Amino acid sequence: MNLPLQLACAAITLACGTSLVPSANAAATRGWPNILLLVSDDQRSDTIATLGNPHIRTPYLDRLVRQGVAFTRAICPNPLCVTSRAEILTGCTSFLNGVPYGGRLRPDMPTIAETFRQAGYHTWHVGKWHVHGEPKTRGYEETRALYSGGGKFENTLKRDHAGREVTGYRGWTIKTADGKPDLEKGVGLTAEISRHFADAAIEMLNRRTPEPFFLHVNFTAPHDPLIMPPGYAGRYDPAKIPLPPNFLPEHPFDHGNARGRDELLWPWPRTPQMVREELACYYAVISHMDGQIGRILNALRANSQADNTIIVFTSD
Ligand SMILES: [Ca+2]
């Protein structure tokens, strides 16, 4: 994504700045603002209504834009999940942090969580973890609804919204607080996964601690496989969604990844109907996540922490 990433960069700069580290103890940070970092997954920069897309509804992201600052010229230097998340964690190019494609995050390079923790913050993680190791080994005190791969579980959801075989996130599970797969919440991506992450985030931010918190919430929406959230079928009419201006039935040149997983979601050549149907579900999954972000923002407001919390939204 290339839109509000600079918001995350700003937070990372804050975390890694020299002003935080020397006064690194819990008492020094009392009264300092909380930090809530919200990250979506594979969300295009043109899918926030108030930034110029009249075809999608994102009231809570719109509120963040209206009440905050949107960095509309920032770019994501590396669009792959693993590398992009490693860059968000370190504030450092993937060519230097040990994760140029895959690989291990350099152990000597502090993460944003390690820096906040050293400064006296509580550091909490919710949602997708797509870096080597686990959050607790990289500066996070606790996790809730940690979402990670590694188990050999039968994928409970076989088909996406269009009836295609699910190929992404197979076997991933949400973990309980003690690290065990929470199979009641499903395997792989599920229709309600954003709600599970929001539930976990709300549980954490409802704690009252004298020290500020850094709460990092990684959604998986709207990454494929796209699963229609409950109650969202028909929310967007494919016939009313305009085609992207650069629509073509086929790539005009060999970009080297013609057989990549997400390149095969539809057969080639593509038709306008295929693309519109895909966008309708993509928008629905974003709107559902937006509603879950709204629950988090409302919980912050309800527990009187909204005015003392810096909220950063970005995508990977
Ligand atoms: Ca991604």
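Read the figures in this text as sums done on the coordinates, not as results from a lab. What you see is a predicted model, and the numbers here were worked out from it, not measured in a lab. Because the Cβ atoms are built from the backbone with ideal geometry, glycine has one as well, and the counts that use them run over all protein chains shown.
Here's the list of lysines a cross-link from LYS175 could span, going by alpha-carbon distance under 28 Å and ignoring same-chain residues fewer than 8 apart: LYS128, LYS136, LYS152, LYS158, LYS185. Taking the longest Cα principal axis of the chain as reference, the axis of helix 5-16 is set at about 20 degrees.
Its Cα gyration tensor gives the range 51-195 an equivalent ellipsoid; the semi-axes, largest first and in whole Å, are 26, 24, 17. If you take all other residues with their beta carbon under 12 Å from the beta carbon of PRO77, and give Lys and Arg +1 and Asp and Glu -1, the sum is -2. Comparing mean-square fluctuations of PRO249, PRO135, PRO100 from a GNM of the chain with C-alpha springs under 10 Å, the top value falls on PRO249.
Set the Cα radius of gyration of the range 138-277 against 2.2 N^0.38 Å, with N its number of residues, and you get 1.30. Couplings 3J(HN,Hα) of the range 191-202, computed from phi: 5, 10, 5, 5, 5, 4, 5, 5, 4, 5, 4, 5 Hz, in residue order, whole Hz [Karplus 6.51 cos²θ - 1.76 cosθ + 1.60, θ = phi - 60°; x for Gly and Pro].
P(r) tail, the chain: Cα-Cα pairs separated by more than 30 Å, 32% of all pairs.
I need the shape label for the range 195-311. Rule: rounded when a/c is under 1.5, else prolate if a/b > b/c, else oblate, with a, b, c from the alpha carbon gyration tensor. It would help to have the intermediate numbers written out before the result.
Values: a/c = 3.23, a/b = 2.29, b/c = 1.41.
Prolate, since a/c reaches 1.5 and a/b exceeds b/c.
Centroid-to-centroid, using Cα positions, the range 166-206 and the range 208-268 are 19 Å apart. Estimated from helical segments only, the mean residue ellipticity of the chain at 222 nm is -8500 deg cm²/dmol, where each DSSP H run of four or more residues counts as -39500 (n - 2.57). Of all the options SER40, SER287, SER304, the one that moves most in a Gaussian network model of the chain with Cα springs shorter than 10 angstrom is SER304.
Shape analysis of the range 33-111 based on the Cα gyration tensor places the equivalent ellipsoid semi-axes at 29, 15, 10 Å, largest first.
Computed from Cα atoms, the angle from the helix 81-90 axis to the main principal axis of the chain rounds to 20 degrees. The 3J(HN,Hα) values that the Karplus relation (6.51, -1.76, 1.60; θ = phi - 60°) gives for the range 266-271 are, in residue order, 10, x, 9, x, 7, 10 Hz. Gly and Pro appear as x.
Beyond 19 Å, the tail of the calculated P(r) for the range 105-190 holds 46 percent of the Cα pairs.
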